[in-house]
Amino acid sequence: MTTTDHIHIGSLPAVRLRARDGAQATVSLFGAQVLSWIPAGGKDQLFLSKRSALDGSKAIRGGIPLIFPQFSDRGPGTRHGFARLSHWRRLHGDVSGRDAMPSALPPGSGIAEFGLEHGDPLGAPWPHRFSLRFRVGVGADRLELSLQVRNAGDSVFRFSAALHTYHGVTDIDGVRVDGLGGCTFLDQTDGGREKTQHEALLALRGTQDRIYPATPDRLAMRDDAREIIMHQTGFTDTVVWNPGPAAGLSDMADEEHRRFVCIEPACITPLELAPGATWTGSHLLVCQPLR
Ligand SMILES: O=P(O)(O)OC[C@H]1O[C@@H](O)[C@H](O)[C@@H](O)[C@@H]1O
């Protein structure tokens, strides 16, 4: 049986989805942020900082923050957009067939959909009429995420979007990212300079903040215990971020930077959306234990 429990994480209302095979995901309504993903028979794959605010006073540090409509400080609005700071609604009804992407989830998966519209409190400062739908599905070894952006107004708007996934790892030194060899990237730690990644496997050393435009739609992240295969559609770019030891983030404990790497499917250069048009970006994560 699939179940959905309404729970609280800190003081934030959240939904826990449980698939028939025991796989589960927890999604905070604050930000529609996935905070935990446990594949069937496995353990949590996501990092959540011990020092994260969990009361809606600021963005949650960990899980999968949903970035919209601005990436980082690349625009006049809220850093990384208002979606991660907004209170979303759980949408009811049949959500299984609505998505543009064919689902790779097995029968008996847990699925829920969340919505945010213009006019919702924090969306108000953005002067465009929009409708966001975020679908989360979990089952077996996989987590499937799909973000739909609709222009509900009568003029074109531009937006960026990303799924800022914090992959939990045993230790950052043992992490390798596969699939970005030969790709160019903008090195955010070096004034945004364009460089090429010559090595086939990316090792994470010190501070890393890279935007890879036009990435392959399949990447993999490996640490000592498992491999996470990532597929993205709609999202054209990938961001790889780890703050390193010197970042001094107030919502992260000492040494916690060693426990995650962010690999983010993204559209950094703003996309244009015509009135009535819809854009969909999807992300599929598959967890494979290493033998
Ligand atoms: O601290 P924030 O706002 O969650 O941002 C975290 C990081 O997010 C990454 O996506 C950016 O590339 C980094 O530059 C940024 O530091």
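Throughout, read-outs are computed from the coordinates displayed, never taken from laboratory work. Everything numeric in this text was worked out from a predicted model, so none of it was measured. Positions of Cβ are generated from backbone atoms using ideal geometry, with glycine treated the same way; all protein chains shown enter the neighbour counts.
Summary table below
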read-out: Point-to-point label distance, Ser131-Asp217, nm (Cα→Cβ direction, 7 Å offset); value: 2.6 nm
read-out: Pair Thr269, Thr4: separation of 7 Å Cα→Cβ label points (nm); value: 3.8 nm
read-out: In region 181-214, trypsin sites (Lys or Arg not before Pro) in a DSSP loop with at most 13 other beta-carbon atoms within 10 Å; value: Arg205
read-out: The chain: relative contact order in percent, alpha carbon pairs under 8 Å with at least 6 residues between; value: 18 percent
read-out: Sum of side-chain charges, Thr3 neighbourhood, beta-carbon under 11 Å (Lys, Arg +1; Asp, Glu -1); value: +2
read-out: Residue-count net charge about Leu12 - beta-carbon cut-off 15 Å; Lys, Arg +1, Asp, Glu -1; value: +3
read-out: Sequence of Trp37, Trp241, Trp88 once ranked by neighbouring C-beta atoms within 10 Å, starting from the fewest; value: Trp241, Trp88, Trp37
read-out: For Cys183, distant residues with modelled amide H under 5 Å away; value: Gln197
read-out: Between region 28-98 and region 159-203, the Cα center-to-center distance that results, in Å; value: 21 Å
